[in-house]
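First the structure, in the form of structure tokens, and then the observations on it.
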Amino acid sequence: MTDADKELEELRSEISKIDSSIIQLLESRASFAEKIGALKKKLGRHIIDRIHEQKVYEKLFSNPLKHLTKAQIQAIYREIIASCRAVQLGEKRVAFLGPRGTFSDQAAKLYFSEAEADFIIAKKISDVFRQVISEEVDYGVVPVENSTQGSVPITLDLLLESDLKVVGEIVLRIKHNLITLNEIPLSEIQIILSKDQALGQCRRFIEENLPNAELIETKSTARAVEMLSKYNSAAAIGTDLAAEIYHRTILSKGIEDSRNNFTRFFVIGHEETSPTGNDKTSIVFSVKHVPGALLSALKAFSSRDINLTKLESRPSRLTPWEYYFYTDFEGHVLEDRVKEALKELKNSTLYIKILGSYESSK
């Protein structure tokens, strides 16, 4: 062994010692994070605190270093903070609209990717709400609106009827794939299975490539992928996740007609969230059935430069031709200007309910 080889081994040995020290320090950090998480729960505070996390980065950046850039430090600590956050959160039970492999499944896994989570399948959106209300699960993930097909009425109605809070949102671009049991030519496909909406959203691809194929509707895109083994010369339209779960082959990726097709999901739970500096609030209210009532109510927001991101009416179901207005706006209920706006709004409405404030996905 040359002197250079010996020096190399010595340097590697020193790095190994440093690595051991780093692991012990990370374990110690996780232990303190666990204690902080328990204390936050006792105080009724939200585990995720983006403002504090930003302060952590700022403090780290204040120390000049020779070999590590700010970007490298941030990348390292992003993983450290995510791991410690998972320790604080503990294992959560999360209900979503099943079956496995749906876009709801994807959304749930995306939102809770940094936490230990046990994902529970629900057959209906109402079942998701029921499980969260009864505390069978900690959170639920439900679709609330699609950029091309509009809102999901049952979700809006159940938000109005229940005492649950909206604690988060996920916006997922809808990507459809043509999936088969095995690699086969397009010319051999005689049947296409999928949910009716997915078939409609891939109409152009089907007309151009499989104009003679029989279309069979299923309860979900994931169910279509699962059912492929029951058919000969068949394909399904479904998600990447469904193809992975059921060990199928993706024949063509991204076959949807529009690249601007997004679905928004709400995370529902019991606790209220802390401000992050990038928040939305969802409310529902009703006004008198007289001219100018809605315009008068909305001045509470416009006079304070609060941006509305959604305004939608739904029949009240109590009185014919009277409506509830579901509204999303930028800001958190703990902000002063939002407090003032809601106070003014209350004076010009018949009914108002705050559905929740949560970190915006944008």
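Annotation note: GluC sites (Glu not before Pro) in the stretch 39-114 located in DSSP loop regions with a Cβ neighbour count of at most 13 within 10 Å are 91. Going by neighbour counts of Cβ atoms within 10 Å, the residues 302, 282, 360 line up, fewest first, as 302, 360, 282. When each of the peptides 260-269, 20-29, 63-72 is scored by the mean number of other C-beta atoms lying within 10 Å of its residues, the order from highest to lowest reads 260-269, 20-29, 63-72.
Straight-line cross-link partners of residue 253 among the aspartates and glutamates, defined as a Cα under 14 Å from its Cα and at least 8 positions apart when in the same chain: 183, 240, 244.
Neighbour counting of Cβ atoms within 10 Å sorts the residues 270, 176, 332, fewest neighbours leading, into 270, 332, 176.
Cross-linked pairs 280/310; 165/310; 195/230; 42/92; 219/280; 41/165: Cα-Cα separations exceed 21 Å for 219/280. Here's the picture: charge each Lys and Arg Cβ at +1 and each Asp and Glu Cβ at -1 in the chain, and of 113, 25, 276 the one pushed furthest to the positive end of that dipole is 276. Taking amide H positions as placed in the peptide plane 1.01 Å from N, state which residues far from residue 309 in sequence (5 or more) or on other chains have amide H under 5 Å from it. The answer is 328, 329, 330. Each of 102, 327 was scored by other Cβ atoms within 10 Å of its Cβ. Listed from fewest to most, they are 327, 102. Oblate is the label for the chain. Its Cα gyration tensor axes, ordered a ≥ b ≥ c, give a/c of at least 1.5 and b/c at or above a/b. Amide H to amide H, with H built 1.01 Å from N, residue 120 comes under 5 Å of 94, 95, 96, counting only residues 5 or more places away or on other chains.
Within the straight-line cut-off of under 29 Å between alpha carbons, the lysines reachable from residue 66 are 6, 17, 55, sequence neighbours fewer than 8 places apart in one chain being disregarded.
A cut-off of 5 Å between modelled amide H atoms, ignoring neighbours fewer than 5 places along the same chain, links residue 176 with 254, 255, 256. Given 20 °C and 1.002 mPa s, how large is the Stokes-Einstein diffusion coefficient of the stretch 98-151 in µm²/s, with Rh as the Kirkwood radius over Cα pairs? After rounding, the answer is 179 µm²/s.
State the dimensionless ratio Rg/Rh of the stretch 218-350 (Rg: radius of gyration of Cα atoms; Rh: Kirkwood radius). Rg/Rh for the stretch 218-350 comes to 1.17.
Charge dipole of the chain (Cα centre as origin; +1 on each Lys and Arg Cβ, -1 on each Asp and Glu Cβ, all else neutral): 1080 debye, rounded to the nearest 20.
Entry note, the chain: the mean residue ellipticity at 222 nm calculated from DSSP H runs of n ≥ 4, each adding -39500 (n - 2.57), is -12500 deg cm²/dmol after division by the residues and rounding to the nearest 500. Phi angles of the stretch 192-197 translate, via the Karplus equation with coefficients 6.51, -1.76, 1.60 and θ = phi - 60°, into HN-Hα couplings of 10, 9, 4, 5, 4, 5 Hz per residue; Gly and Pro are given as x. By the Kirkwood approach, averaging reciprocal distances over each pair of separate Cα atoms, the stretch 145-205 gets a hydrodynamic radius of 15.2 Å.
Values quoted throughout were computed directly from the atomic coordinates according to the rules given, and no laboratory measurement underlies them. Only a predicted model underlies this, so the values are computations on that prediction, with no experimental measurement involved. Virtual Cβ from ideal backbone geometry, glycine too; neighbours counted across all protein chains shown.
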